[in-house]
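One structure below.
What follows draws every value from the coordinates through simple rules; no lab data is involved. From a predicted model like this one, the values you see are computed outputs, not experimental measurements. As a convention, Cβ positions derive from the backbone with ideal geometry for all residues, glycine included, and neighbour counts pool all protein chains shown.
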Amino acid sequence: MTNPAKVTICLWYDRDAEEAARFYANTFPDSSVANIMRAPTDYPSGKQGDVLTVEFTVMGTPCLGLNGGPAFQHNEAFSFQIATVDQEETDRYWHAIVDNGGQESACGWCKDKWGVSWQITPIVLTQALSDPDPAVAQRVFEAMMTMGKIEIEAIERARLSAGLT
């Protein structure tokens, strides 16, 4: 890395760091794969030329994929939160992740096929949950709690349904 960032997210993979980085680069704007470090010689769990690390960015955020083996697995304690502007963008990212071997979860969360968690979060949802009217925020929250992928139209209906609860 020619100009290293002060903070880089390091994600541990078994042996798929390069595949994951390329998927992210092809899925999200302002994402790319940079340097790939390969083993200079054979080592106890691999061979010369195996990918050790991959430097990449996800929507401008610097990351390092480490092929560290099967000892550690991803979990929901870490996730990427992607703010989307409309249903089309929400659907595009959700389906790119889930339809590529990923897994649906609740409230806008899903996992990619490597186990990395993603929150595909429409900006409308975040704004509605911060509404100064607690009744609006409650209706929106209750609607969100019934969803896997967030449906903006349902969030808007919940937000606007004053007195109809």
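Radius of gyration over Kirkwood radius for region 1-49, both on Cα atoms: the Rg/Rh ratio is 1.01. Put a dot 7 Å past the Cα of residue 37, heading toward its Cβ, do the same for residue 76, and the two dots end up 3.3 nm apart. As a length-normalised measure over Cα pairs under 8 Å and 6 or more apart, the relative contact order of region 43-113 settles at 15 percent. Measuring r between the beta carbons of residue 92 and residue 19 and using R0 = 25 Å, the FRET efficiency lands at 0.80.
The phi-based Karplus calculation (6.51 cos²θ - 1.76 cosθ + 1.60; θ = phi - 60°) puts the 3J(HN,Hα) values of region 57-68 at 10, 10, 6, x, 8, x, 9, 10, x, 10, 7, x Hz, whole numbers, x for Gly and Pro.
Which of the listed residues, 138, 114, 80, is farthest toward the dipole's positive end in region 38-165, when Lys, Arg count +1 and Asp, Glu count -1 at the beta-carbon? Of the listed residues, the answer is 114. Proximity of backbone amide H atoms, modeled 1.01 Å from N, is registered between residue 34 and 55, 56, 57 at under 5 Å, excluding neighbours fewer than 5 places apart on the same chain.
Cross-link partners of residue 6 among aspartates and glutamates, defined as those whose alpha carbon lies under 18 angstrom from its own and excluding same-chain residues fewer than eight positions apart: 55. Among the GluC sites (Glu not before Pro) within region 59-140, those in coil by DSSP and having at most 15 neighbouring Cβ atoms inside 10 Å are 76.
Look at the alpha carbon pairs under 8 Å that are at least 6 residues apart: their mean separation over the length of the chain gives a relative contact order of 18 percent.
Charge dipole (Cα centre; +1 on Lys/Arg Cβ, -1 on Asp/Glu Cβ; no other charges) of the chain amounts to roughly 360 debye.
The phi torsions of region 98-111, fed into the Karplus equation with coefficients 6.51, -1.76 and 1.60 and a -60° offset, translate into couplings of 5, 6, 9, x, x, 9, 6, 9, 10, 6, x, 8, 8, 10 Hz, rounded to whole numbers, with Gly and Pro shown as x. Amide H to amide H, with H built 1.01 Å from N, residue 50 comes under 5 Å of 39, counting only residues 5 or more places away or on other chains.
Quick one: what are the phi-derived ³J(HN,Hα) couplings along region 132-148, Karplus 6.51/-1.76/1.60 with θ = phi - 60°, whole Hz, x for glycine and proline? Working through the residues one at a time gives x, 7, x, 5, 5, 4, 5, 4, 5, 4, 4, 5, 4, 5, 8, 9, x Hz.
Straight-distance candidates among the lysines for linking to residue 113, with alpha-carbon spacing under 24 Å and chain neighbours fewer than 8 residues away dropped: 149.
Amide H contacts of residue 147: 107, each under 5 Å away and 5 or more positions distant or on a separate chain (H built 1.01 Å from N in the peptide plane; Pro and chain starts excluded). The DSSP beta bridges internal to the chain are antiparallel in roughly 60% of cases. Computed from the C-beta positions of residue 160 and residue 8 and an R0 of 30 Å, the FRET efficiency is 0.10 to the nearest 0.05.
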